[in-house]
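The values are calculated or read from the model by the stated rules, or taken from the named source; none is laboratory data. Remember, predicted model here, so these are calculated numbers, not experimental data. Reconstructed Cβ throughout: ideal geometry from the backbone, glycine too, with neighbour counts over all protein chains shown. Surface accessibility is based on the protein's heavy atoms, side chains included, excluding ligands, DNA and RNA. Shrake-Rupley method; radii C 1.70, N 1.55, O 1.52, S 1.80 Å.
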Amino acid sequence: MHIKGGTFGPVATNTYVVADRPGGSAAIVDPALGSQSWIEQTLARMDVTPVAVIDTHGHWDHVVENYLWTERGLPVWAHPADADWIAAPAPFNPALFGNPPPVPGADIAVELTEGDTATIGDLELKVIETPGHSPGCVVLLDEASGTAVVGDLVFAQGIGRTDFPRSDPGAMLRSLDRVFSELPGETPIHPGHGPWGTTLAEAERFARVFM
Ligand SMILES: [Zn+2]
């Protein structure tokens, strides 16, 4: 998997472009506020054609610019449990996000659920449901390269918040336990906030403090 990341918006959300190979196909993961021109430049630099937008979950900061890509004909792939937030992006926590203007939402064209494979050209991403931070959180695992996009499940030095509407702290613990036990510790992780590229084992040391 070829992956490039950038950080955008009021809560420093990570947007990724994942691709199968130079000259191949790509997915835009979590198009954050202000990410569009970086995405365009990154697609051009990687010489890849976008085939989908993938949302790791439905929180506003991860889905706010879906519409800029659906307007160009790209489908949104995401877990159905966060479909309403993706259909009507809204920051539910003004203290965090301020009061940004409303943006159009998007319908989920392809539902990503447990065991599905998100296929982007030659790239096959295994979908692992990881509810807790939100009901529709997913981890995308590229088994071929041993790389994971983990959304707001786990960060380099912490875990996703579980004090938001529809968060579930118990489900979060089960999701974390599952990922730490099922994925190899050397898996590089690409989270929704903060640095990427640290291993899952390194992240687990910090995550355990919160578990
Ligand atoms: Zn989130």
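Sort 76-83, 175-182, 134-141 by packing, meaning the average of other beta carbons within 10 Å per residue, with the highest value first. Before the final figure, lay out the partial values.
Values: 76-83: 22.2, 175-182: 16.4, 134-141: 26.0.
Averaged packing, sorted descending, gives the order 134-141, 76-83, 175-182.
Rounded if a/c is under 1.5, else prolate if a/b is larger than b/c, else oblate: which is region 143-185, with a ≥ b ≥ c the root eigenvalues of its Cα gyration tensor? It would help to have the intermediate numbers written out before the result.
Values: a/c = 2.46, a/b = 1.87, b/c = 1.32.
Since a/c reaches 1.5 and a/b is larger than b/c, the shape of region 143-185 is classed as prolate.
For D116, what residues show an amide H to amide H distance below 5 Å, using hydrogens built from the backbone and excluding near sequence neighbours?
Placed amide hydrogens put V127 under 5 Å from D116.
Run lengths n ≥ 4 of DSSP H only: what is the helix-derived mean residue ellipticity at 222 nm for the chain, with -39500 (n - 2.57) per run over all residues, to the nearest 500? Please list the in-between numbers first.
Details: 7 runs with 51 residues, N = 211.
Rounded to the nearest 500, the figure is -6000 deg cm²/dmol.
Over the chain, what lengths in whole Å, largest first, do the semi-axes of the equivalent ellipsoid take, defined as the square roots of 5 times the eigenvalues of the alpha-carbon gyration tensor? It would help to have the intermediate numbers written out before the result.
On the way: eigenvalues 106, 89, 47 Å².
Here the semi-axes work out to 23, 21, 15 Å.
Give, in nm to one decimal, the length gained when the segment between F210 and E186 is fully stretched (0.36 nm per residue of separation minus the Cα-Cα distance).
Details: separation 24, 0.36 × 24 = 8.64 nm, distance 2.08 nm.
Additional length available on full extension: 6.6 nm.
Around G185, under 12 Å between beta carbons, what's the net of Lys plus Arg minus Asp minus Glu among the other residues? Present the calculation step by step, with values, prior to reporting the outcome.
On the way: positive: R205; negative: E182, E186, E202, E204.
Taking every other residue near G185 into account, the sum is -3.
Just the number, please: Stokes-Einstein D of region 49-94 in µm²/s, Kirkwood Rh from C-alpha pairs, 20 °C, 1.002 mPa s. All intermediate terms of the calculation are to be shown ahead of the outcome.
Working: Rh = 10.8 Å.
Translational diffusion coefficient: 198 µm²/s.
Would you mind telling me which residue in V29, V11, V51 has the biggest mean-square fluctuation in a Gaussian network model of the chain, where springs connect alpha carbons within a distance under 10 angstrom?
The residue with the greatest mean-square fluctuation here is V11.
Need one value: the accessible area of R21 in square angstrom, 1.4 angstrom probe, rounded to the nearest 10.
The accessible area of R21 comes to roughly 110 Å².
Whose amide H sits under 5 Å from the amide H of G151, counting only residues 5 or more places off or on another chain, with H placed in the peptide plane?
Here G192 satisfy the definition.
P(r) for region 88-184, please, calculated from all Cα pair distances in 10 Å bins and given in %.
Reading the bins upward from 0: 14, 39, 34, 13, 0.
Looking at the chain, send over the antiparallel percent of its DSSP beta bridges, to the nearest 5. Kindly include the intermediate steps, with their values, before the conclusion.
Numbers: 27 of 40 bridges.
If we restrict to bridges inside the chain, about 70 percent are antiparallel.
Sort T13, T49 by heavy-atom solvent-accessible area, probe 1.4 angstrom, most to least. Each step should come with its number before you reach the end.
Details: T13 0, T49 85 Å².
So, going from the largest accessible area down, we get T49, T13.
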